[in-house]
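> There's a structure below that I have some questions on.
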Amino acid sequence: MIERTVEVGLLLDCYENLLHDRTRKILKDYFSYDLSLNEIADQQGISKQAVSDQIKRGEEKLHGYEEALGLLEKNRRIDAALGLCIKKLETLHEKEGEKVREEVVKTLQEVASGL
């Protein structure tokens, strides 16, 4: 459940503005604020089943957006590339400095060009 919560939270960060206001609010309440289905249903004035259905449809939409646009995956690749650069810079020694510098520059150029 934690992995699902984290994944949906990241997808919401990328695509929340593409969702209808009500769906966005329900997903944020459920995944970001950890409200129960009953709490959300009471706030929205709808049934618990309606909340569950909205969550399911909202998740499907978020995954569909990611499949079509790939923003989350691109952000993950950028984070990985920047992490690699940081790691290389932290281990940089004068003797091998030029080679590592070239690798870091190349990686940063790839990040800058959008991977």
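> How many residues does the range 21-33 contain that are loosely packed, with under 12 Cβ neighbours inside 10 Å and either of a type outside the set (Asp, Glu) or touching a residue at least 12 places away in the same chain (Cβ under 8 Å) (or both)?
1
> Taking the stated definitions as given, is Glu59 touching a residue at least 40 places away in the same chain (Cβ under 8 Å), within 21 Å of Met1 (Cβ to Cβ), of a type in the set (D, E, K, R) and surrounded by 13 or more Cβ atoms within 10 Å (Cβ to Cβ)?
Considered against the rule, which asks whether it is touching a residue at least 40 places away in the same chain (Cβ under 8 Å), within 21 Å of Met1 (Cβ to Cβ), of a type in the set (D, E, K, R) and surrounded by 13 or more Cβ atoms within 10 Å (Cβ to Cβ), Glu59 comes out as yes.
> Specify which of the listed residues (Leu82, Leu92) is under 30 Å from Val104 (Cα atoms), at pLDDT below 95 and not in a helix (DSSP H, G or I).
Being under 30 Å from Val104 (Cα atoms), at pLDDT below 95 and not in a helix (DSSP H, G or I) holds for just one of Leu82, Leu92, which is Leu92.
> If you don't mind, there's one more thing I want to ask. Report yes if Val104 is in contact with a Cys (Cβ under 8 Å, 6 or more places away or on another chain), assigned to a helix (DSSP H, G or I), hydrophobic (A, V, I, L, M, F, W, C) and surrounded by 15 or more Cβ atoms within 10 Å (Cβ to Cβ), otherwise no.
The answer is yes for Val104.
> What number of residues in the range 23-53 are assigned to a helix (DSSP H, G or I) and more than 20 Å from the chain's Cα centre (by Cα)?
Residues flagged as assigned to a helix (DSSP H, G or I) and more than 20 Å from the chain's Cα centre (by Cα) within the range 23-53 amount to 14.
> Regarding the range 52-74, can at least one residue be identified that is of a type in the set (Val, Ile, Thr) and within 30 Å of Asn17 (Cα to Cα)?
Scanning the range 52-74, I find at least one residue that is of a type in the set (Val, Ile, Thr) and within 30 Å of Asn17 (Cα to Cα), so the answer is yes.
> Pick out the one residue from Asn75, Asn38, Asn17 that is touching a Lys or Arg at 6+ places or on another chain (Cβ under 7 Å), more than 30 Å from Glu98 (Cβ to Cβ) and either polar (S, T, N, Q) or surrounded by fewer than 18 Cβ atoms within 10 Å (Cβ to Cβ) (or both).
From the options Asn75, Asn38, Asn17, the qualifying one is Asn38.
> Kindly indicate whether Lys74 is touching a residue at least 40 places away in the same chain (Cβ under 8 Å) and over 21 Å from Ile2 (Cα atoms).
Spelling it out, Lys74 is indeed touching a residue at least 40 places away in the same chain (Cβ under 8 Å) and over 21 Å from Ile2 (Cα atoms).
The values are calculated or read from the model by the stated rules, or taken from the named source; none is laboratory data. Keep in mind the model is a prediction, meaning the values are calculated, not measured. Ideal geometry is used to build each Cβ from the backbone, glycine not excepted, and the neighbour counts take in all protein chains shown.
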